[in-house]
Amino acid sequence: MKMNIAEAINDALKLEMKKNKNIVLLGEDVGVNGGVFRVTDGLKKKYPDRVFDTPLAELGIVGTSIGMALYGLKPIAEIQFMGFLWPALDQISNHASRIRNRTMGRYTSNIVIRIPYGGEIRGLEHHTESFESVLSHIPGLKVVIPSTPYDAKGLLISTIRDENPVVFLEPKKLYRAFKEEVPKNSYTEEIGKAKIVNEGDDLTILGWGAMMPKIKKAAELINAKGFSTEIIDLRTISPYDEKTVNASVEKTGRLVVVQEASRTCGFASEIIAGINDNELLHLKAPVARVTGFDIPFPLYKMEKWAVPDADRIIKASKEVLKW
Amino acid sequence: MKDSVNFVKEGIFQIIDERGECHADHNLSKNKLREMFWWMIYSRRASEKALKMQRQGKIGTFLPLDGQEASQVGSAMAINKEDWIFPTYREMGAQIVRSVPLVNILLYYAGDIRGNLIPKNVNNLPFYIPVGTQIPHATGTAWAMKIQKKRSVVLCYLGDGATSKGDFHEGLNFAGVMKSPVIFFCQNNGWAISVPREKQTASRTIAQKAFAYGMEGLIVDGNDVIAVYLAVQHARKRAMEGVPTLIEALTYRMKMHSTADDPKRYEDNKNLKIWEKKDPIKRMRLYLKKEKIWTRGWEKTLEKKADRLIEDAVKKMGKVSQLTPEDMFNSIYSKMTPKLTEELEYLKENLANREVEEETQEIKGGFP
Ligand SMILES: Cc1ncc(C[n+]2csc(CCOP(=O)(O)OP(=O)(O)O)c2C)c(N)n1
């Protein structure tokens, strides 16, 4: 069936809720309204006692989810926009991600937190953030970011079945950007496993989320000049698939990492540190980063300047290919 | 006034009812009443225009204030110039009463940061977007006024949804403990996007939350501009005496939450019908007519004046200079860091030598 990302996520939720009666959905406007992006559309109708419109309180949403999980339920919380997650970080980093370790495995809090993130949506101020690297810095937490409908469904099902707390970041720019064939039934995609979208020999371009379509476009244009580009969609940033990244860099010797988030301490920095640890001697060129700037995400008139695009990716790739 | 406020503990403070009947002596001059009506007309027309502009793609996501004119105008008029206000994204009316140029507001919603440039002599913050986050700020600013022995107060706007956030409870608790000269003005408009007030809190009223924090709470008819004005004036006096007040203004969101929202998914039309009868402008018109202040011709003049001001703002908006990459970097720190200077240079160089243009997609931001 052809689906966009929003529909694929909805489908995954529907299938898993049917299978696992312990799943409950909670968040602002997720019930009657079906979520402000309609990602949970129809679920309240189907499961009136398991889908909850909550008070407007992100800390409360995550905190109560942890409590439910301690008791054996499987809460799937939605945070309406990433910019509003901050108050909940106390609950995530002090509790959700640590309770297993604190109690030597006696208690766990395997909640799912779904969060639309990212810019280029002509969004209001504070509605366009990408601070996935902050989440990746929290031990005990997994961070998954799909970029296609197929992966969104398979990865969300894996996320829900995971025994650990997982943040599932949804590139909202792509929610309805395109459709693709998605199997009707349940299937899983492995968390922590990157996907080689395109094989190539001269250069690896790596990214995640809403950067993937830009990377694909850049790679097409680079390949048209006679190069062969390998594209990696990281799909999970924590734990990330070092093996796939390393193998690719060993093959191509050149790497460009693309991230929408601001530059300093973004996840690209971690990737490059990993290359430094493992692959330095295989590099033919210094690794390049194409990133946002060290600024708060601007209001939408300037967002075209703020977010990396194919042009910037191509320019960085050219530099790397000079070596 | 004192009696009316005491009466409020049992019910709702109201001066003018839906039929335009006046139930208490308000002592407001005819000019004051005219001014109130003017600001309400202007606010509504500005909001309607902004909604139209959003539909034409001239501005981005917009949050109409329709139905809340009396709450915004009455409250903003009741405080002094040296007082400060902390508005949310919906407080276009309060902003313009307090002399924020309309062009700023339109620019802001058109995604232009320069809209947030509040004129120097206006003590308003720009719109707050993350719900509830302004509440502790308001308490802190009021606390600072008290520390410096200033004769001013802070008026903090919030919605019913915001009362669920920790920010609300921490902000009010601090205000009670520090005796900050602050007024928390909650427009209970029935909704937080799709979540009705009854699902937001199990409290019977929002105003009653005040008592838990050792402050005064009162409920006012938020569609009665005179009652709102008097309630806020009263709260202002109490604030200066070291007693903060939480005012719950009962009003109604007559339009969508925002232009990305579709209330048909969750709202019963019945409610809207009930509240249309309580329309704040309609009510004031009835009252002013009874007082022989209102004539059709006068209202027409006000509408024309409003439309002229709105057109002026739209024109000014069209004439602002193009944004430059510098606008994105200049105000991050007091002085640009070397790193940012480098990033800005990189961007400018990139823009000067573009090879591939992204096709600009007119996406609605993933919204359905
Ligand atoms: C902390 C936070 N969470 C979620 C949102 C998204 N959001 C914007 S407005 C809104 C509802 C606010 O309701 P209320 O406080 O009653 O004010 P109203 O919009 O009705 O004026 C929500 C959930 C936000 N802006 N900030």
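Quick rundown of the values:
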read-out	value
Cα gyration tensor shape for the protein assembly as shown, rounded if a/c is under 1.5, else prolate or oblate	prolate
19 Å tail of the calculated P(r), the stretch A:1-113, as % of Cα pairs	45
Candidates B:Leu158, B:Leu309, B:Leu230: whichever shows maximal mean-square fluctuation once chain B is modelled as a Gaussian network with Cα springs under 10 Å	B:Leu309
Charge dipole of the protein assembly as shown about the Cα centre (unit charges at C-beta), most positive-ward option of A:Leu59, B:Cys156, B:Val220	B:Val220
Cα long-axis angle, helix B:134-147 against chain B (0 to 90 degrees, to the nearest 10)	70
Residues in the stretch B:309-330 occluded by at least 50 Å² - accessible area, probe radius 1.4 Å, against chain by itself	B:Leu323, B:Met328
A:Cys265-B:Leu117 pseudo-label distance in nm [points 7 Å out on the Cα-to-Cβ vector]	3.2
Reduction of at least 30 Å² in accessible surface, 1.4 Å probe, comparing all protein chains with the chain by itself, residues of the stretch A:111-152	A:Ile121, A:Arg122, A:Leu124, A:Glu125, A:His126
Unsatisfied cross-links (Cα-Cα over 22 Å) in the set B:Lys255/B:Lys278; B:Lys32/B:Lys315; A:Lys44/B:Lys255	B:Lys32/B:Lys315; A:Lys44/B:Lys255
The stretch A:195-321, Cα convex hull volume normalised per residue, Å³	96
R0 of 51 Å, Cβ-Cβ distance B:Asn27-B:Ser334: FRET efficiency to nearest 0.05	0.60
Per-bin percent of Cα-Cα distances, chain B [10 Å]	5, 23, 31, 25, 11, 4, 1, 0
Mean separation of Cα contacts under 8 Å, 6 or more apart, over the residue count of chain B: relative contact order %	22
Inter-label distance for B:Asn80 and A:Asn223, nm, one decimal - labels placed 7 Å from Cα along Cα-to-Cβ	7.1
DSSP bridge pairs, chain B: antiparallel proportion in percent, nearest 5	10
Residues of the stretch A:274-323 buried by at least 40 Å² on assembly (accessible area, 1.4 Å probe, chain alone as reference)	A:Phe293, A:Asp294, A:Ile295, A:Leu299, A:Tyr300, A:Lys301, A:Met302, A:Trp305, A:Asp309, A:Asp311, A:Arg312, A:Lys315
Antiparallel bridge percentage (DSSP; both residues within chain A; nearest 5)	20
Solvent exposure of the protein assembly as shown as accessible area per residue, Å², 1.4 Å probe	41
Selection from A:Cys265, A:Ala96, A:Ala6 lying farthest towards where the dipole of chain A points positive, charges on Cβ	A:Ala6
Span from the the stretch A:246-323 Cα centroid across to the the stretch B:10-32 one, whole angstrom	64
Antiparallel bridge percentage (DSSP; both residues within the protein assembly as shown; nearest 5)	15
Student exercise, the protein assembly as shown dipole from Lys, Arg, Asp, Glu Cβ charges, in Debye to nearest 20	2140
Extended-chain gain in nm, criterion 0.36 nm per residue less alpha-carbon gap, B:Thr295 and B:Lys149	48.0 nm
Surface share of carbon and sulfur [accessible, 1.4 angstrom probe, percent] for the protein assembly as shown	53
Extended-chain gain in nm, criterion 0.36 nm per residue less alpha-carbon gap, B:Glu303 and B:Lys316	2.7 nm
Shape category assigned to the stretch B:325-364 from the gyration tensor of Cα positions, a/c cut at 1.5	oblate
Choice from B:Arg238, B:Arg197, B:Arg308 with maximal GNM fluctuation in chain B (Cα, 10 Å cutoff)	B:Arg308
Shape of the stretch A:78-232, Cα gyration tensor, a/c cut at 1.5	prolate
With 10 Å bins from 0: P(r) over the stretch B:134-221, alpha-carbon pairs, percent	18, 51, 25, 6, 0
Loop chymotrypsin sites (Phe, Trp or Tyr not before Pro), the stretch B:238-337 (other Cβ atoms within 10 Å of the site Cβ: 15 or fewer; DSSP)	B:Tyr333
Per-selection Rg to Rh, the stretch B:230-368 - Cα, Kirkwood hydrodynamic radius	1.13
Distance between the stretch A:184-220 and the stretch B:244-258 - C-alpha centres, whole angstrom	47
Approximate spin-label separation A:His282-B:Met240, in nm, with each point projected 7 Å along Cα-to-Cβ	7.4
Unit Cα scatterers, Debye sum, the stretch B:191-280: log10 I(q)/I(0) for q = 0.17 Å⁻¹	-0.85
Area buried, chain A against chain B - accessible surface, total, 1.4 angstrom probe, square angstrom	4800
GNM top mover of B:Ser194, B:Ser29, B:Ser180 - chain B, alpha-carbon springs below 10 Å	B:Ser29
Paramagnetic label zone (point 7 Å from Cα along Cα-to-C-beta, A:Met1; backbone N under 17 Å) in the stretch A:33-56	A:38-47
Selection from B:Ile274, B:Ala260, B:Met328, by position along the positive dipole direction of the stretch B:222-368 (Cβ)	B:Ile274
Unit charges on C-beta of K, R, D, E only; dipole of chain A, Debye	580
Of A:Lys173/A:Lys193; A:Lys45/B:Lys199; A:Lys2/A:Lys318; B:Lys179/B:Lys282; A:Lys216/B:Lys348; A:Lys2/A:Lys173, those spanning more than 27 Å from alpha-carbon to alpha-carbon	A:Lys2/A:Lys318; B:Lys179/B:Lys282
Overall dimensions of chain A by Cα: Rg and Dmax, Å	19.4, 61
Range in chain B, longest, excluding exposed GluC sites (Glu not before Pro) [loop by DSSP; at most 10 other beta-carbon atoms within 10 Å]	B:11-240
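The values are calculated or read from the model by the stated rules, or taken from the named source; none is laboratory data. Note that the structure is predicted; figures quoted are calculated from it, not measured. Because the Cβ atoms are built from the backbone with ideal geometry, glycine has one as well, and the counts that use them run over all protein chains shown. For the accessible areas, the whole protein counts, side chains as well, though only heavy atoms, and no ligand, DNA or RNA atoms are used. Shrake-Rupley method; radii C 1.70, N 1.55, O 1.52, S 1.80 Å.
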